[in-house]
Structure formats: structure tokens, C-alpha cells
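Written below as C-alpha cells is the structure these notes are about.
We did not get these values from a lab; they are worked out from the coordinates using the rules stated. Quick caveat, the model's predicted, so the values are computed rather than measured. Neighbour counts run over all protein chains shown; Cβ positions are idealised from the backbone, glycine included.
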Amino acid sequence: MKEAQPAEAHYINFAELSKAQQATVNTWVNHAIHATEHALGQLKQSHIIIELYPKYFTLEPVPWASVIRGNQDGVELHFNRYASAATLIQDWTLYHELAHLYHPLFNYQDFWVSEGLATYLQNVIMFNAGLISRAEFTHRLWSGLQRGKLQTRSINHKLYAVTENMWSLKAQQRVYWTGAAFFIEAEIALNSQRSPRYTVSELLKQYQKCCRSQNMQAKAFMSELDKISQTAIFSNLYQKYKARTDFPTITKEQISQLHF
């Protein structure tokens, strides 16, 4: 059987870079695609549009990025044109954006699902690629949950309402990390299953093969994950989370013991 080929990067604005910078970007992007597909399975699409916006003055390797949705989904990258490949590879941003390509575009009130999934998975991808240790994996998730918990004290409306007004409320910590907590809690529940036993990553691999679509309600996405896992974990958690006003309780020990 012919081995599946990784998704190929198709660049926009590549010519704006010097030959050396092109080589750096190629190394970075190809590493990220390989690491992501290793963790989450092969993407359904054969190529990924990578729209490049190199910056001269920025304190961060990748100050901003976003997903481009269309017939072929892609990623818009704003990055420090002088950053080394090693520095860019260690940055979490591209793994986060590539993780978004594994789920459909949801309605805005359900962006807590998409941002939570990508936030959780960026750490799974980086751990599997050997970029962070298990201790660092636990630390990053635990620290993020604490930021989300802190912001929930002052922004304690229903989650879907907060998500719809995330930018005006500046509620990114509440939205992203409640969503991440959702998938951590789902992972904990999956870990407790005897048979069949899946992880969130394994479910996404199967989802790419059977059910991936461009647009889907988050509720329907949960139903598909439930069908694959032969559980009701995701639908039940979705009903529990979407209108909650508190922050979920997840312990550091639970994160450290996750099988993903």
C-alpha cells in the first residue's frame, strides 16, 4: 500500500523573503505539518494555504496568526522574518492554527469549542513532537486553566453569550480555557472507558476519514465524536458546558495522569 503523503504547504507572499528566510520558513512549516499529522492523523485536504506576513519589528516569533476558511483551509501567519527555524519551531502558534484544520467552522457562539480544542491539541502536538516535556505539558495546561478560572470570576455570564462577545469583553482566557477544560474532561472520561478505548486525538483521526465537513454545528460535531467513540461523552458535556457560568474543576493531578 502506498504510504500517505503529508499535506503540502502552498505559500502566498513567499517571494518577499530572501532565499535564507524561505529555507527557514520551509523548515518551520513542514516541521509543524509533520508534527501535527503525526499526532492527529493525516488531514483530509492534500495541501494547506500558508499566507505569509513577515514582520520587521516584533518582540514575539509569531505575534499573530489565524485560520483561513475556504474550499481549501489555510493559515495566515504574521511572524518575525529574522527568527531562526529553531525559535519558530518552539513557538506554539502554528500548531494551534493547524489543529483548527481538524474541525469544521462552527457558529460564533460555539467558538469556545474550536478554540478550546486547538488550545488543548497544541500541547498534545508539541509533547508528541518532543518539544515540551510531560511536566511542561501539565504546567501549561494547569496554568492556562488558572487564568481561565480567574477571568471567570469577573466575566461569569453563560459561556455561549460570553463567546459571542469575546472580543468586546476581552474574555479570551475564559473562552479558550473553558473550551480546553471541556476537552480535558472529555479525555478523562475517554480514559475511563474499557472498550473501545479512544483518545481525543484518535477520534479526530477517525473523524477525518469518515465525517469531516467544511461547516457543521458544534452539536453535530459532538454527535459524530460520540458515534466514533460509542459513547455519549461529548454530547453530554456539550449540554453541560455551553450555558455554564462557572469554571470547571480539574486538578493538576488529573492533567498529569491524562492518557492522550
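Please give the FRET efficiency for Asn215 paired with Ser84, using the beta carbon to beta carbon distance and R0 = 51 Å, rounded to the nearest 0.05.
Values: r = 38 Å, r/R0 = 0.75.
FRET efficiency, Asn215 to Ser84: 0.85.
Take the chain, connect every pair of alpha-carbon atoms lying under 10 Å apart with a spring to form a Gaussian network, then pick out the residue of Leu159, Leu59, Leu77 with the largest mean-square fluctuation.
Leu59
Quick one: if the Förster radius is 25 Å, what FRET efficiency do Gln193 and Thr245 give, using the C-beta to C-beta distance and rounding to 0.05? Don't skip to the end; give the middle numbers.
On the way: r = 29 Å, r/R0 = 1.17.
E(calc), rounded to 0.05, equals 0.30.
In the Gaussian network model of the chain, springs joining C-alpha atoms below 10 Å, which of Asn80, Asn71, Asn26 carries the largest mean-square fluctuation?
Comparing Asn80, Asn71, Asn26 in a Gaussian network model of the chain, the most mobile one is Asn71.
Can you tell me how the range 190-243 classifies by the Cα gyration tensor, rounded, prolate or oblate, using a/c under 1.5 as the rounded cut? If you can, show how the numbers build up before the last one.
Numbers: a/c = 2.29, a/b = 1.09, b/c = 2.11.
Verdict is oblate for the range 190-243.
May I ask you to evaluate 6.51 cos²θ - 1.76 cosθ + 1.60, the Karplus curve with θ = phi - 60°, for each residue of the range 201-208 and list the ³J(HN,Hα) values in order in whole Hz, giving x for glycine and proline?
4, 5, 5, 5, 4, 5, 4, 4
Calculated from DSSP H runs of 4 or more alone, at -39500 (n - 2.57) each and per residue, what is the 222 nm mean residue ellipticity of the chain, nearest 500?
Details: 12 runs with 142 residues, N = 260.
-17000 deg cm²/dmol, from helical runs alone.
Label Ser66 and Trp142 with points 7 Å out from Cα along Cα→Cβ: what is the distance between them in nm?
3.5 nm
Share of antiparallel DSSP beta bridges in the chain, in percent to the nearest 5?
Values: 5 of 18 bridges.
Looking only at bridges with both residues in the chain, the antiparallel portion is about 30 percent.
Could you work out the Rg to Rh ratio of the range 8-100, with Rh taken as the Kirkwood radius (inverse of the mean 1/r over all Cα pairs)?
Values: Rg = 12.3 Å, Rh = 13.2 Å.
Taking Rh as the inverse mean 1/r over Cα pairs, Rg/Rh reads 0.93.
How large are Rg and Dmax for the chain when calculated on the C-alpha trace, in angstrom?
Rg and Dmax of the chain, Cα atoms, are 18.1, 56 Å.
Can you work out the Karplus-derived ³J(HN,Hα) for every residue in the range 156-163? Use 6.51 cos²θ - 1.76 cosθ + 1.60 with θ = phi - 60°, whole Hz, and x for glycine or proline.
With the stated coefficients, the range 156-163 comes to 10, 7, 4, 4, 5, 6, 5, 4 Hz.
Go ahead and set up a Gaussian network model of the chain, Cα springs under 10 Å, then flag whichever of Phe57, Phe182, Phe79 fluctuates most.
Checking each option, the largest mean-square fluctuation is seen for Phe57.
Is there a pair in Lys44/Lys227; Lys170/Lys205; Lys149/Lys209; Lys55/Lys205 whose C-alpha atoms are over 29 Å apart, and which pairs would that be? Don't jump to the answer; show the numbers that get you there.
Details: Lys44/Lys227 19 Å; Lys170/Lys205 33 Å; Lys149/Lys209 36 Å; Lys55/Lys205 34 Å.
Too far apart for the 29 Å limit: Lys170/Lys205; Lys149/Lys209; Lys55/Lys205.
What percent do you get for the relative contact order of the range 197-236 when only Cα pairs under 8 Å and 6+ apart count?
Values: 22 pairs, mean separation 16.4, N = 40.
Once normalised by length, the contact order is 41 percent.
Using amide H atoms built in the peptide plane, which far-off residues or other-chain residues are under 5 Å from Ile68 H to H?
Placed amide hydrogens put Gly74, Val75, Glu76 under 5 Å from Ile68.
Could you list which residues have their amide H under 5 Å from that of Thr231, counting only those 5 or more apart in sequence or on another chain, with H placed in the peptide plane?
Under 5 Å from the amide H of Thr231: no residue qualifies.
What residues have an amide H closer than 5 Å to that of His47, excluding those fewer than 5 places away on the same chain, when H is modeled at 1.01 Å from N in the peptide plane?
Glu8
Within the chain, what's the longest run with no trypsin sites (Lys or Arg not before Pro) in a DSSP loop and at most 13 other beta-carbon atoms within 10 Å? Give the range, please. Don't skip to the end; give the middle numbers.
Details: sites that count: Lys2, Lys158, Lys170, Arg194, Arg197.
Between exposed loop sites, the widest span is 3-157.
Each residue of the range 39-45 in turn: what ³J(HN,Hα) in whole Hz from Karplus with 6.51, -1.76, 1.60 and θ = phi - 60°, glycine and Pro shown as x?
7, 10, x, 5, 5, 5, 7
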